[in-house]
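Single-structure report; data block below.
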Amino acid sequence: MCAAVAGQRGRRVLLIDHNDEPGRKILISGGGRCNFTNLGTAPDRFLSQNPHFAKSALGRYTPAEFLALVERHGIAWHEKTLGQLFCDGSARQIVAMLLDECAKGGVDLALGGAVTAVDHADSRFRVRYGVREAEAPALVIATGGPSIPKIGATGFAYDLARRFGLKVVEPRPALVPLTLGGDEVLFRSLAGVATEVVAKCGKAAFREAALFTHRGLSGPAILQISSYWRHGETLAIDMAPDRKPGWLREAKRQQPRTTLRRAIAGAVPDRLAEALAEHIGIAAELGNATDRALEAAERSLAGWRFSPNGTEGFAKAEVTIGGVSTADLSSQTMEARRVPGLRVIGEAVDVTGWLGGYNFQWAWASGWAAAQAI
């Protein structure tokens, strides 16, 4: 995105990618259909040590502008849920679109050659890649974070940023499945069961599906809340978000001979209902349970507490939280304050979006903002 816009502004641009093909993360996104933006994009849906940093770029290059680009290229799209936009066809259409835009700007591509050295002297950057070398007055770091290493992702951006004296906020896996141990291991028997929940951590809360796995918890609600979770913290999950207070006591009056498992099964899948009822420990018919016991059961279901023992790591994380500190960058131009000509964009920066196309929109917007100032 940055290369295309800069090229079309008349700049001579070399785009270096150590992979043999560009945009590999685009290709695997959205189940191969690329969730390329989100109509609900707003700064409060991004995490950063400076929550205001993303406002400028996001405000100047919006989802509507990227969507207009998609439509100019004749790419069919659809809205799935919660403002998420996907290609009707393939994520390859987005890569082809961006490469076409690069071609319009006369961008040179150098693929399949790892960067082996970066030097800066006399206001010029010198980059050695493969067996070649290039020199320019501006250098843009757009190499993302270490999430999904199987596609070539590394912490290269952080190493390079530190060499130039930029601070790096601790990188952590984000939008990642959580693992469970100890007493919660019992829930592993529910692998494959999915249900709609509200997952909560601190002030953050997300209502979407949760999926029980053989290692712990996944699904959109869990991936979302994982960005807010820190090791040692407890999560609360509302297993029955559509049930109003007093619903079990009402079930007792309406069907005194039903069991807790059957009552819960009206709100969650049967296998989960059985496990929850067993954990709560009310085996008798509801008519034989006290109102106080049923109220306690309701509280447990509305705020079931999990203590994850970790995450599935960068290998399964969709993005990386943390990165090059926004304190060292201009929010207008993405330029390093103490290194003129050096810019950092996209996931390499300490700006991380929610699940659902937000991180792509940050990539497009930050790339566009940097290109305007080169």
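The values are calculated or read from the model by the stated rules, or taken from the named source; none is laboratory data. All values reported here derive from a predicted model rather than from experimental measurement. Glycine gets a Cβ as well: all are built from the backbone with ideal geometry, and neighbour counts include every protein chain shown. Remember, those area values only see protein heavy atoms, side chains included, never the ligands or the DNA or RNA. Shrake-Rupley method; radii C 1.70, N 1.55, O 1.52, S 1.80 Å.
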Select from the range 17-32 the residues that are part of a helix (DSSP H, G or I) and buried (at least 16 other Cβ atoms within 10 Å of the Cβ) and list them in ascending order. Arg24, Lys25, Ile26, Leu27, Ser29, Gly30
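Scan Leu82, Leu39, Leu67 and give me the residue that is over 26 Å from Pro146 (Cβ atoms), of a type outside the set (Ser, Thr, Tyr) and at pLDDT below 95. Let's see the steps before the verdict.
Working: Leu39 fails: at pLDDT below 95; Leu67 fails: at pLDDT below 95.
Result: Leu82 is the single residue among Leu82, Leu39, Leu67 that is over 26 Å from Pro146 (Cβ atoms), of a type outside the set (Ser, Thr, Tyr) and at pLDDT below 95.
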Can you find even one residue in the range 100-110 that is under 24 Å from Val324 (Cβ atoms) and in contact with a His (Cβ under 8 Å, 6 or more places away or on another chain)? no
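For Ala96, indicate whether it is in a strand (DSSP E or B) and either at negative phi or open to solvent by less than 70 Å² (accessible area, probe 1.4 Å) (or both). Break it down stepwise before answering.
Numbers: in a strand (DSSP E or B): no; either at negative phi or open to solvent by less than 70 Å² (accessible area, probe 1.4 Å) (or both): yes.
It is false that Ala96 is in a strand (DSSP E or B) and either at negative phi or open to solvent by less than 70 Å² (accessible area, probe 1.4 Å) (or both).
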Looking at the range 213-229, which of its residues are open to solvent by 80 Å² or more (accessible area, probe 1.4 Å) and in contact with a strand residue (DSSP E or B) (Cβ under 9 Å, 6 or more places away or on another chain)? Arg215
Picking from Arg132, Arg126, which residue would you name as being surrounded by 12 or more Cβ atoms within 10 Å (Cβ to Cβ) and not acidic (Asp, Glu)? Arg126
Identify, please: which residue in the range 230-263 is in contact with a helix residue (DSSP H, G or I) (Cβ under 6 Å, 6 or more places away or on another chain) and part of a helix (DSSP H, G or I) and is, among those, most open to solvent (accessible area, probe 1.4 Å)? Arg261
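Looking at Ala293, Ala283 in this structure, which one is open to solvent by 70 Å² or more (accessible area, probe 1.4 Å) and more than 30 Å from Leu175 (Cβ to Cβ)?
Working: Ala293 fails: open to solvent by 70 Å² or more (accessible area, probe 1.4 Å).
From the options Ala293, Ala283, the qualifying one is Ala283.
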Quick check on my filter: what residues within the range 135-189 are basic (Lys, Arg) and modelled with pLDDT of 95 or more? Lys150, Arg162, Arg163, Lys167, Arg172
The listed residue being touching a helix residue (DSSP H, G or I) at 6+ places or on another chain (Cβ under 6 Å) and open to solvent by 10 Å² or more (accessible area, probe 1.4 Å), out of Arg343, Arg338: Arg343
